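First the structure, in the form of structure tokens, and then the observations on it.
The values are calculated or read from the model by the stated rules, or taken from the named source; none is laboratory data. Computed from a prediction, not measured in an experiment: that's the story for all the values here. As a convention, Cβ positions derive from the backbone with ideal geometry for all residues, glycine included, and neighbour counts pool all protein chains shown.
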Amino acid sequence: MNTSLERLSDRSEMSNLPSEKPMDIKATTPVGAFLPASLILMILGWGGLYAIVTYTTPNGGSRWAFFFSAVLALSGTALPGIAYLNQRFPSTPPSTPGVIVRQALWIGIYLPTLAWLQIGRVLTPAMALLLAIGLVLIEWLLRLRERSLWNPEQNAKFIPHKNRDQ
């Protein structure tokens with residue numbers, strides 16, 4: 001039977017065993033780092049949308065300017081929220097600033113695409129859902145690829161065995 005003293009001595013022996021330190025995981029970029037870019041995108045995008053809707057007629061050139069401005073406006077608006085979500089729910093590997101901008105661009109591209117499909121009267125709820133699922137799948141596959149890449153700094157602790165033939 002183990003007495004309490006024996007259990008304490010077992011614990012002290014276990015504390016002398018070498019322990020692995022947890023991997024250093026870099027934190028994601030703080031939300032404040034994205035605010036200047038977000039403000040610039042929002043000012044250009046929403047200002048452009050206001051100017052297009054107020055001062056132009058809907059012809060070919062102004063329609064493409066509308067879509068371009070909508071991508072800027074919606075990407076800039078989504079950027080701080082996406083950065084906050086990536087900071088609040090960290091992933092392995094941590095999200096880089098490029099990943100956060102790419103995720104905000106997905107939102108910025110998705111909604112103007114829905115508007116473009118609605119102009120042709122071909123947008124249905126099923127098509128909107130399938131498009132959203134497709135964009136989420138693309139982002140998931142890109143993140144899966146980033147996770148599977150070999151990082152020599154992270155794997156520096158690995159020491160290969162000596163050649164067994166020697």
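When the residues of the range 58-99 are filtered to those that are over 15 Å from Met42 (Cα atoms) and of a type in the set (Val, Ile, Thr), the one that is surrounded by the fewest Cβ atoms within 10 Å (Cβ to Cβ) is Thr92.
Annotation for the range 40-53: at least one member residue is closer than 30 Å to Leu131 by Cβ, modelled with pLDDT under 95 and surrounded by fewer than 16 Cβ atoms within 10 Å (Cβ to Cβ). Taken over the range 82-100, the residue count meeting the criterion of being free of Cβ contacts under 8 Å to residues at least 40 places away in the same chain and within 11 Å of the chain's Cα centre (by Cα) is 4.
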